[in-house]
Amino acid sequence: MELLQLFSVIFLLSLFLLADHHAPQASAERSTYIVHMDTSFMPKAFSSHHYWYSSMLQSVKSVVQTSLDRDNLESKLVYTYDNAFHGFSAVMSEPELEALKKSPGFLSAYPDDVVIPDTTHTYKFLSLNTATGLWPASQYGKDECCRRARVKDDGMTAIPARWRGICQEGEGFNSSLCNKKLIGVRYFNEGVLAANPGVKISTNSARDETGHGTHVAATAAGNYVDGVSVFGYAPGTARGVAPRARLAAYKVLWREGSFESDALAAIDQALAEGVDILSISLSYRRRNLYENPIAIAGFGAREKGILVSVSARNRGPDYASLLEGIPWAFVVAAGTVDRWFTGTLTLGNGKTITGWTMFPAKAIVRDFPVVYNETLSACNSTELLEEAPYSSIIICNITDDHLDFLFLMNDLARTFIPGVIIVSENPSIFEDSSSFLQPAVVITRSDARQVIDCALNGDTPTATIDFQQTVLGMGARAAPALSSFSSRGPGQGYPGILKPDVMAPGVLVLAAHSPYSSRASIGNNIHLSSDYNLLSGTSMACPHISGIVALLKAAHPKWSPAAIQSAMMTTANPRDNTNQPIKDMGLGYEVASPFGIGAGQVDPNRVLDPGLIYNATVQDYINLVCSMNFTTEQTQTILRSSYNCSTPSSDLNYPSFLVLYESQETRTTSMGTFNRTLTNVGNGAAKYKVKVEEPNGSTITVSPQTLVFRRKYDKQSYSLTIRYTASSEFFSAPGSITWMEENGNRTVRSPIVVNGPYND
């Protein structure tokens, strides 16, 4: 059978929706609810779940509605869900919902809520190349299906027959826009319309208005495009991680609102149409797994053998800012790449300083006088900036608060200052491509001393700034580094498993974009358009993982989602390109914790031959859910037909280890034991010995310390025991366990964290 890996990436377009927004209600008395059902209770008289749900709504309406209700308000079935889980969404009053709860088969319900988007060179930084490794082995992800794209279909073969999707037409989008690359398109906004009766959808189609969806799709599976840059930065050939994969696009985020009911409908439809990979670059506000739409739908996808990759949110760098603690989802953190967008500052004395800039034009800032005084250098008001000498470059010494930088740019746009030298070491400046409204370059405090000396004491106190320069490799800063915005674990949804899982490029990623959505400006009134853009966010990191999954599934079509995830985690690299531990931009470039980077930066070429994998079946995940102390209804909401809690276990065969302890009044020695099974996926017999890096203050025992595999697919088990001291003082210590192949080059590494006290 011809392999078709279908990338389903949820189309995220509402960039203006903030996490603090409240979901609007359908009316003052009615709201949209998502309802989970046990379909074994459906009477045989009904031919489908849809008719059963409709009948139930009619029944509860007749029970609770007054004559006034019947005249003015009507319950409405918004969506029926049959593939990711069993249930529906509907507009109801609270009395109707209470009546519905008494219906046979009812499991749970909760109000519809908002979802939030987590907003070229990266394939080279990941060491993907045409000669060896994962690209040629997977035929560049041929016939893997993703959603979103650089959608040229040059070099693509015919669409495999098992694809069941359509190209849905709509406003400004004709079905002829689909091809052998973009093979399916749908859009979902019934949830928006139910929450906002009478609202007019601005672009009622799958057409991308803001560029977020296009960017994510192109990152995962965009085809080859030569001569790409973003206003002169990052020039070269653009391509996605899996350039021969196919895409199916499902738009669920809208300027008028973005809701879980629509996102669930998209996932449900994607599973029905035959996707193999779900790439979801959005967040939600729910903490409990049994109310979390991605957790619930993701479990249904895992049941069908579909890997779900999820962005980790952009709420870093705070501890436990990660909501996505979903054990059966691949949660992705965002890091930097070895690329630096620079401006060269040349002083009148001939000295040059390389700074950071993304001013989107080749501005002429040549031999202007450099002015510095302590009062002016605060640069904290338009009035102060207007006192700067005419036609001079000024030096602004701002705080490391990113808002100060943004306010400064906004104030500068109201002046006639030709150029600015900004002194700041705030990492957020290096994560944003759209803030340079005026010709400016950012330099460090140590470099600033030379500039200030030139301005105050130099014979030629002038400066020139050159823009649109890109530095790659070791000429840039050490990379990767964990971004400041990427959310940190433990995952609040389920803190018992280390999340995020891995890190991927998510800072200033170049990919296709909507030309109708401005992401760069000169001043406050000149907005620039481009077919490509440099965006940052865990939304950008997630499709890198999805693309690699497509490549790996093409190379190993029989591997389970757990096997693929294990291969990517145990081969991830915790070190940067200087062979030092990955640093954390949000914590002053301290060594990054596994709560930030998981197992480390994904290494796509090593995943092709991981040696050993930690596999897990659907029943293993069922056992995990059954151990979570949920009610029967909450458990069934996640597991539906798979509900069988005869063997609950929290010890999932997972490629990481986490000990979370509660606060202790006195220092107490405690112990945690984990059991793991490894499967040999190498060719032939192999022998591995263990190497342990113990977390500070802990002792680790592994038994046995040698694993002997007699043939391919042979399995061997081991136990890992961690002895640690718990107290009332916060403590977090990383470590690792690595299985080293004797007479071979394979290493199988898993991170370990001992952390506490943790209060759920």
| With θ set to phi - 60° and the Karplus curve 6.51 cos²θ - 1.76 cosθ + 1.60, what are the ³J(HN,Hα) couplings of the stretch 372-380 in order, to the nearest whole Hz, using x for Gly and Pro? | 9, 8, 4, 5, 5, 5, 5, 6, 10
| Over 30 Å between alpha carbons, listed pairs 102/251; 180/553; 76/251; 200/362 | 102/251; 200/362
| Nearby lysines by direct alpha-carbon distance to residue 691 (threshold 21 angstrom, same-chain neighbours under 8 apart not counted) | 715
| query | When DSSP assigns beta bridges and you keep just the ones with both residues in the chain, what percent turn out antiparallel, to the nearest 5? | reply | 65
| query | ³J(HN,Hα) across the stretch 176-191 via Karplus (A = 6.51, B = -1.76, C = 1.60, θ = phi - 60°), whole Hz, x for Gly/Pro? | reply | 5, 6, 6, 7, 6, 9, 8, 9, x, 9, 9, 9, 9, 9, 5, x
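Pairs of Cα atoms under 8 Å, at least six residues apart: use those to get the relative contact order of the stretch 196-347, whole percent.
15
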| task | Starting at the first residue of the stretch 577-594, write each ³J(HN,Hα) from the Karplus equation 6.51 cos²θ - 1.76 cosθ + 1.60 with θ = phi - 60°, in whole Hz, x for Gly and Pro. | result | 6, 9, 6, 9, x, 4, 9, 10, 5, x, 10, x, 6, 6, 5, 6, 8, x
| field | MRE, 222 nm, helices only [DSSP H, n ≥ 4, -39500 (n - 2.57), over the chain, to nearest 500] | value | -6000 deg cm²/dmol
| field | Rounded percent of accessible protein surface that carbon and sulfur make up, the chain, 1.4 Å probe | value | 48
| said: With a 1.4 Å probe and all protein chains left in place, how much accessible area per residue does the stretch 486-556 have, in Å²? | reply: 21
| If amide H atoms are built 1.01 Å from N in the plane of the peptide, which residues on other chains or at least 5 residues away come under 5 Å of the amide H of residue 166? | 185
| Ordering 181, 691 by how much accessible area each has at a 1.4 Å probe, largest first, what is the list? | 691, 181
| request: Search the structure for amide H atoms under 5 Å from the amide H of residue 335, placed 1.01 Å from N in the peptide plane, and list their residues when 5 or more places away or on another chain. | output: 483, 504, 506, 507
| remark: Relative contact order as a percentage, the stretch 376-526, C-alpha pairs under 8 Å and 6+ apart, gives 22
| task | For residue 523, enumerate residues with amide H under 5 Å from its amide H, sequence gap 5+ or separate chain, H modeled in the peptide plane. | result | 438
| query | Given the protein chains as shown and a 1.4 Å probe, how many square angstrom of residue 303 are accessible, to the nearest 10? | reply | 50
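The values are calculated or read from the model by the stated rules, or taken from the named source; none is laboratory data. Only a predicted model underlies this, so the values are computations on that prediction, with no experimental measurement involved. For the accessible areas, the whole protein counts, side chains as well, though only heavy atoms, and no ligand, DNA or RNA atoms are used. Shrake-Rupley method; radii C 1.70, N 1.55, O 1.52, S 1.80 Å.
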